[in-house]
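Rule-based calculations on the coordinates, nothing more; no lab input. Not measured: the values here are computed from a predicted model. All Cβ positions, glycine included, derive from the backbone under ideal geometry; neighbour counts span all protein chains shown.
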Amino acid sequence: MHMLGPRPHHTFQKMAEKYGPLMSLRIGQKLFIVASSGEAAKEFFKFHDANFSSRPFKRAFQVLMPNDIAFVEGNSPLRRHLRKIFQLELTSAKRIQETEHVRSGEMSKMIKAIPENSAITIRHYIEVMVTNVLSLMVFKKQYLAVAGKEVSSTTEEIKEIDAFKRILSDIAVNISKNNIGDVVPALRRLDPQGLESQYREVKERMDSFSSKIIAEHQERRHPGARLHSLEHEKDLIDIFLDQVEEEKKHEVTLENVQSILWNAIAAGLAPIVAASEWALAETLRNPHILEKAQAELDDVVGKSRRVQESDIPKLKYTQAIVKEAFRLHPAPMPPPHESMEPCKVFGYDIPAKTGLLCNFYAIQRDPAVWHKPLDFDPSRFLEGSPTASISVSGLRHFDLIPFGSGRRSCPAIEMGQLMVNLITANLLHAFDWSVPDRRQLEDDTEDVDHTASRAVAVTAIVKRRLPSDVYT
Ligand code: HEM
């Protein structure tokens, strides 16, 4: 495992240059296939998708989110049912419209909170904004402070906010640790790294937090409750509690609801923050791109208000910037898939329970598909370019799949794209940017987290470019 280095997507990319786009290797005792081209990805996600729609055993997921929709092994009817509801409720066109006020409210707070004329780390503001949007959509609570002001002042609530922040960071830390027992089954019981007790400690805190949220929802849902939830005000937890109460066929349990709560926040937060920061950093690094983006924003939105969601479809250049950030800086390798049955791919026999690693990083930098693949060039997605029509949907094109493709692809693709576009457009439109140390923009080093976020956070000084009432 250690031979793959801290950024296995780099190692696999180099190996693929030598051994080709389909490689097999053993990690511990487990056989994995690594796919490193659009053609190989298509083979798995289009022609063998059902078979590869399971995930390999990972002890951290088994303990932390045992009944979830994202990381659980197999592809049972219950998981498919839960995923369908999740997708519909978080990202259907109707729900996106109904929840617009949440994103708009938090965006407005973020824009107001960013101070002029002092060096700021923009990532912190984006993180607060996205966490609040997700927690409001999932369980109708806003947890994080805006610009250093806590959202609540009672000791009880401050403790709850701290607990929430700690859990989120501990989930991320534990999930990214390599557990030797995942690939050497004989070592599972021995737990030589002592990870089991760490997982269990985090899980206890997760359960205590989510049980409280669920109990509050159950109380509010009681027909006689003073704050009885109206149908249109239901959040994701309400929707899943409806399933627990009404839907006998699939036997949705409270444990499912608990895991899904963490699923939605943990799976959504990091990739949105990482992609938004990359999009901003690349734009600031290239003044001609910044100039074009601001010219389009001024033209479409004007200079008397900030960007709204309804503006996004008209902002073709901002969309191209975001797409290019997804291409060049994706979450490099999604959690592995696993085959359920033996199969034949490209003439090779692949046994059941083979892990599939798909190297998005290598695919989206493939020089056979992308002209000057290392350049950040949004114009490759504009009319007239041969790659203009390539979309990130994962439905027709397999050379650009930052949200994955097929049965295990991201169920929140619309929400993810919308949020990154909205954040990028608002930040570029509302502020002029100066970066005192431009070397930090040139530094492309990726963090070793699963989203390959920027190792060097962008620190900038902003100046407001819209009328003062936009910021009050
Ligand atoms: C920029 C934003 C996002 C990106 C780039 C992204 C990317 C991905 C990727 C690459 C996968 C794995 C695909 C695979 O295994 O083949 C995934 C899965 C998933 N994502 Fe996202 N995601 C984003 C936002 C979100 C949001 C906002 C949520 C929820 C609120 C979310 C929830 C999930 C879940 C639950 C899964 C697991 C699906 C399954 O296993 O069936 N994601 N995402």
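Quick notes
- Charge dipole of the chain (Cα centre as origin; +1 on each Lys and Arg Cβ, -1 on each Asp and Glu Cβ, all else neutral): 560 debye, rounded to the nearest 20.
- Relative packing of peptides 251-264, 22-35 - highest average C-beta neighbours within 10 Å first: 251-264, 22-35
- Of all DSSP beta bridges in the chain, antiparallel share, percent nearest 5: 85 percent
- Stretch gain in nm, segment Ala457-Val173, where the contour uses 0.36 nm per residue and the Cα spacing is subtracted: 100.4 nm
- Ascending count of other beta-carbon atoms within 10 Å, so fewest first, for Lys463, Lys140: Lys463, Lys140
- Overall Cα dimensions of the chain, principal axis frame, Å, largest first: 63, 63, 39
- With the Kirkwood sum run over all distinct C-alpha pairs, the stretch 15-106 has a hydrodynamic radius of 16.4 Å.
- Zone of Asp207's modelled label, taken as backbone nitrogen in the stretch 64-83 under 20 Å from a point 7 Å along Cα→Cβ: 64-73
- Pairwise FRET efficiency - Arg365 versus Ser385, Cβ, R0 = 22 Å, nearest 0.05: 0.85
- Taking amide H positions as modeled 1.01 Å from N, with prolines and chain starts lacking one, no residue 5 or more places away or on another chain lies under 5 Å from Ile390.
- Shown for Leu88, Leu374, Leu400, Leu328: other C-beta atoms within 10 Å of each C-beta, ranked fewest to most, produce the order Leu374, Leu88, Leu328, Leu400.
- Spatial extent of the stretch 401-448: Rg and Dmax, with the Cα atoms as the point set, Å: 15.5, 45
- Signed unit charges on C-beta, dipole axis of the chain, positive-most listed residue Leu357, Trp262, Ala60: Leu357
- Förster radius 60 Å - calculated FRET efficiency between Met3 and Asp432 (Cβ-Cβ, nearest 0.05): 0.80
- Kyte-Doolittle mean at least 0.0 and Cα axial length at least 27 Å: DSSP H helices in the chain: 155-176, 254-285
- Exceeding the 25 Å Cα-Cα cut-off - candidates Lys234/Lys323; Lys159/Lys463; Lys58/Lys94; Lys42/Lys203; Lys18/Lys42; Lys84/Lys344: Lys234/Lys323; Lys159/Lys463; Lys58/Lys94; Lys42/Lys203; Lys84/Lys344
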